[in-house]
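Student: Input: one structure, supplied below.
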Amino acid sequence: MIGAAGCAPSQTRAAEGDRPEAPDGAWQRVRDEFALSPAWIHMTGFLLASHPRPVREAIEALRRQLDENPVDALHEHDDTSPVREAAAAYMGVRAEEIALTDSTTMGLATLYLGLPLKAGDEILTTVHDHYSTQESLRLAAERTGASIRKITLYDRASAATAAGMAEAIAKALTPATRVVAITWVHSSSGVKTPVRAIADAVAAANQGRTPEERILVCVDGVHGFGVDDVTMADLGCDFFAAGCHKWIFGPRGTGVLWGKAELWPRLRPSIPHFGEEGYKAWMRAQPAPPTNANMMSPGGFHSFEHRWALPAAFAFHRRIGKDKVAERIHALNRRCKEGLAGMKHVTLHTPLDDGISAGLVCFEIAGMTPVAVVARLREKKIIASTAPYATSYVRVAPSLVTSEADVEAVLREVRALA
Ligand SMILES: Cc1ncc(COP(=O)(O)O)c(C=O)c1O
């Protein structure tokens, strides 16, 4: 399986400490591609990626090239098509539909501040969305006069249902709604929203609307991207922003913003693009051409060795297989959730159902603050995190960088906190 994936062991971890030999040889070879400290159990891979070997090597080669001759390197890689093509192949879309960003946040702000909103328009979003969505929307509303309506998709995360979430959105659409701004996987609770069902409900509401009145479904996809085996067509949304430096294991400071080809001309960049389209028109004192995805990639120089190395991360995932990645992450998360669900002193907030959860597990322990739980786990060399939301839970993320033994260690230490 993974052997065929071409992820041959290269730099085996120096020492596995007292951890038992993993029975999952193929997945061990995947884990061996990371230079993570074996002193820790890394349950927070979802925050910021450790670069796997192929990504490290690609970055290093490009860094050398840039250090030897920055200008020639710049000219050689001027055309970002290879990066956009790699992302497009992974996402099942066309390269021309992708803007390159530095993060999820940059993608969301680029999108929401670029939309043609005006006073009287309504943005429908939810109380579950991350700071990056909510603040981008607030800034967009402030500038355009559009209003924001925030709804609840579920009262208790553990009792959320796909039908209930889609229905909540469907019911909240009004003739003034122009944007539905949602997050694929909530990093507050681990709930995965039914993007397809929401997009279908919006499509029904769009019947008979003019293109300008059409409601756009915009998604912060970062915690499903690199986890679930879907294409953009499967999701059915209009725009999708994600950083590539979390589950994709891309170079830190990389991200993508995808949108349907026909929608890009409706957007306006906030940061001038450095590609041919805009620059040529400016040099000739001509009006800017209609906006396309490339023109929505914020310009200026970037940490280019990271941006240009991004294809290595998509190749890493595709060599393993998107289906195998999804299966593996879900299996480890199921094991973790089922273990936690059986403990009396634990309240598991993430649904057990694979259909509405992904790679994040959120929980609380009776009588302890989430901060205290994370601190106690750190004493046992387990890195967990607290969710940066008004209501905060403990988060762990079993992923490709963790093993069954790591999940069992988390369960053992949580059990010991009873
Ligand atoms: C749901 C969600 N969206 C966006 C972000 C920010 O991502 P980035 O660092 O890529 O901007 C985070 C957290 O890091 C998140 O949890």
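Student: Starting from 0.36 nm per residue, how many nanometres of slack lie between Arg268 and Ala159 once their C-alpha separation is accounted for?
Tutor: Working: separation 109, 0.36 × 109 = 39.24 nm, distance 3.99 nm.
Value of the extension gain: 35.3 nm.
Student: Something else: Determine the share of the chain's accessible area contributed by carbon and sulfur atoms, expressed in whole percent, with a 1.4 angstrom probe.
Tutor: Of all accessible area on the chain, carbon and sulfur atoms account for 54 percent.
Student: Could you tell me the accessible area of His349 in Å² (1.4 Å probe, neighbours in place), rounded to the nearest ten?
Tutor: 20
Student: State the Cα centre-to-centre distance between segment 270-288 and segment 168-231 in whole Å.
Tutor: 32
Student: For the chain, what is the largest minus smallest coordinate of the Cα atoms on each principal axis, given in angstrom and ordered from greatest to least?
Tutor: Reported extents, whole Å, longest axis first: 67, 57, 34.
Student: Also, quick follow-up: Once you've got the GNM for the chain with C-alpha springs shorter than 10 Å, pick whichever of Ala366, Ala35, Ala242 has the biggest mean-square fluctuation.
Tutor: Ala366
Student: Got a number for the accessible area of Ser270? Probe 1.4 Å, square angstrom, nearest 10.
Tutor: Per-residue accessible area (Ser270): approximately 80 Å².
Student: Determine the alpha carbon to alpha carbon distance for each of Lys322/Lys344; Lys260/Lys280; Lys337/Lys381; Lys280/Lys322 and list only those over 29 Å.
Tutor: Checking Cα-Cα distances, Lys322/Lys344; Lys280/Lys322 exceed 29 Å.
Student: Moving on. So what is the 222 nm mean residue ellipticity for the chain from helices alone, if each DSSP H run of at least 4 adds -39500 (n - 2.57) and you divide by all residues, rounding to the nearest 500 deg cm²/dmol?
Tutor: Result for the chain, helices only: -11000 deg cm²/dmol.
Student: So what is the relative contact order for segment 67-317, in percent, with contacts set as C-alpha pairs under 8 Å and at least six apart?
Tutor: 25
Student: Shifting gears a bit: For the chain, what is the accessible area per residue in Å², given a 1.4 Å probe and the full set of protein chains?
Tutor: The answer is 41 Å² per residue.
Student: Now, a different point. At what distance in nm do the modelled label points of Ser392 and Glu408 sit from each other, each positioned 7 Å from its Cα along Cα→Cβ?
Tutor: Between Ser392 and Glu408, the simple spin-label model gives 3.2 nm.
Student: Separate question: Taking the inverse of the average 1/r across all pairs of different Cα atoms in segment 197-252, what Kirkwood radius in Å do you get?
Tutor: 12.6
Student: I've got another one for you. Would you mind telling me which residue in Pro54, Pro211, Pro116 has the biggest mean-square fluctuation in a Gaussian network model of the chain, where springs connect alpha carbons within a distance under 10 angstrom?
Tutor: The residue that fluctuates most here is Pro211.
Student: Where does each of 169-175, 28-34 land if you order them by average Cβ count within 10 Å, highest first?
Tutor: So the order, starting with the most tightly packed, is 28-34, 169-175.
Student: Using a Gaussian network model of the chain whose springs link C-alpha atoms within less than 10 Å, name the residue from Tyr112, Tyr90, Tyr279 with the highest mean-square fluctuation.
Tutor: Tyr279
Student: Can you return the lysines within cross-link range of Lys150? Criterion is Cα-Cα under 19 Å, with same-chain partners fewer than 8 residues away left out.
Tutor: The reachable lysines, counting only those whose Cα sits under 19 Å from Lys150, are Lys118, Lys171, Lys192.
Student: Subtracting the Cα-Cα distance from 0.36 nm times the residue separation, let me have the gained length for Lys380 to Glu96 in nm, one decimal.
Tutor: Extending this stretch completely gives an extra 97.5 nm.
The values are calculated or read from the model by the stated rules, or taken from the named source; none is laboratory data. Source: prediction; values computed, not measured. Neighbour counts are summed over all protein chains in view; Cβ atoms, including those assigned to glycine, are modelled from backbone coordinates with ideal geometry. These area figures cover heavy atoms from the full protein model, side chains too; ligands, DNA and RNA do not enter into them. Shrake-Rupley method; radii C 1.70, N 1.55, O 1.52, S 1.80 Å.
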